[in-house]
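Below: the structure, in structure tokens.
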Amino acid sequence: MLIFSIAIMLSGNVFATDTTPNRVTQSEFNAAIANLQEQINKLTSKKIGDHFGGGVVFYVDPNGQHGLIASLSDQSTAIQWYNNVYKATGATGDGVGAGATNTAIIVAAQSNDTPGANFAAKVAADFSVQDGGLSACTGSVDEVCYGDWYLPSKHELNLLYQHKNLVGGFADDLYWSSTENDAMNAWGQDFSGGIQYSIGKGTTPNLPGLRAIRAF
């Protein structure tokens, strides 16, 4: 609405040629709108380390309008990647945004393997939190609740590792990614040194951990 209102004021309802006094030309109008949008983008852009959207921003795209948010704490310190059946799920995606697709694939492929059991992707997908990032969602109409969390891809997990001190709350241990290597193994990352490993999907009892993320 702000852009529309300013556009009306700038236009004066009539566009004229460059020689018409007291009225803006089409090119001047377009330039003013472009400048206004740039200023709005600067005001609404996010940076790494910002508390936003139920967690902490750890990645932003070049224009600062989109990126990734990590939850403020781990969702599990000992969780299997698989649901007690070794299989190839097809969740091999990597890169920014791939974790959301991987998570959906894993949950769909494994939910019926051991009904009622938990596994890493399901725990991440089931997570929800209020805007402040600390309180669980209650269903109240007055709260802002985020429930679109997922298990990060291998690349997203590495981005998270690079900013682990800004996000905070990590153990110096292994964390799961959603990127599958084969029917028996999936990728994880050691948050003490940053090395990524392909490890057995049934790895327990104390490791690995899980930190859910979401996109904005």
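For every residue, the table says whether it meets (1) touching a residue at least 40 places away in the same chain (Cβ under 8 Å); (2) assigned by TED's automatic domain parsing to the domain that holds Ser76; (3) assigned to a loop (DSSP other than H, G, I, E, B).
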| residue | (1), (2), (3) |
| --- | --- |
| Glu156 | yes, yes, no |
| Leu160 | yes, yes, no |
| Asn165 | no, yes, no |
| Gly169 | yes, yes, yes |
| Ala183 | yes, yes, yes |
| Ala186 | yes, yes, no |
| Thr203 | yes, yes, yes |
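Restricting to segment 45-67, name every residue that is charged (D, E, K, R) and exposed (fewer than 14 other Cβ atoms within 10 Å of the Cβ). Walk me through how you get there before you give the answer.
So in segment 45-67, the residues charged (D, E, K, R) come out as 46-47, 50, 61.
Passing the criteria: Lys47, Asp61.
Which one of Ala120, Ala136, Ala70 is crowded, with 22+ Cβ neighbours inside 10 Å, small (Gly, Ala, Ser) and more than 14 Å from the chain's Cα centre (by Cα)?
Details: Ala136 fails: crowded, with 22+ Cβ neighbours inside 10 Å; Ala70 fails: more than 14 Å from the chain's Cα centre (by Cα).
Being crowded, with 22+ Cβ neighbours inside 10 Å, small (Gly, Ala, Ser) and more than 14 Å from the chain's Cα centre (by Cα) holds for just one of Ala120, Ala136, Ala70, which is Ala120.
Need pairs with beta-carbon distance below 8 Å; first residue outside the structural domain of Asn165 (by TED's automatic domain parsing) and within segment 58-82, second in a loop (DSSP other than H, G, I, E, B) and surrounded by fewer than 17 Cβ atoms within 10 Å (Cβ to Cβ); sequence gap 6+ or separate chains.
Taking only residues 6 or more apart or on different chains, not a single pair turns up.
Need the failing condition index for Ile105 against (1) over 14 Å from the mean Cα position of the chain (by Cα); (2) assigned to a loop (DSSP other than H, G, I, E, B), just the number.
Against the list (1) over 14 Å from the mean Cα position of the chain (by Cα); (2) assigned to a loop (DSSP other than H, G, I, E, B), Ile105 comes up short only on (2).
I'm told Cys137 meets every condition in (1) among the hydrophobic types (A, V, I, L, M, F, W, C); (2) closer than 22 Å to Phe216 by Cβ; (3) in contact (Cβ under 8 Å) with a residue 24 or more places away in the chain except one. Can you identify the failing condition by its number?
All conditions are met except number (3).
Kindly provide the set of residues from segment 165-216 that are among the charged types (D, E, K, R) and loosely packed, with under 15 Cβ neighbours inside 10 Å, ordered by number.
Kept after step one, since they are among the charged types (D, E, K, R), are these residues of segment 165-216: 172-173, 180, 182, 190, 201, 211, 214.
Asp172, Asp182 - these are the residues of segment 165-216 that are among the charged types (D, E, K, R) and loosely packed, with under 15 Cβ neighbours inside 10 Å.
The values are calculated or read from the model by the stated rules, or taken from the named source; none is laboratory data. Given the structure is predicted, the values throughout are model-derived calculations rather than measurements. Note that each Cβ is placed from the backbone with ideal geometry, even for glycine, and that neighbours are counted across all protein chains shown.
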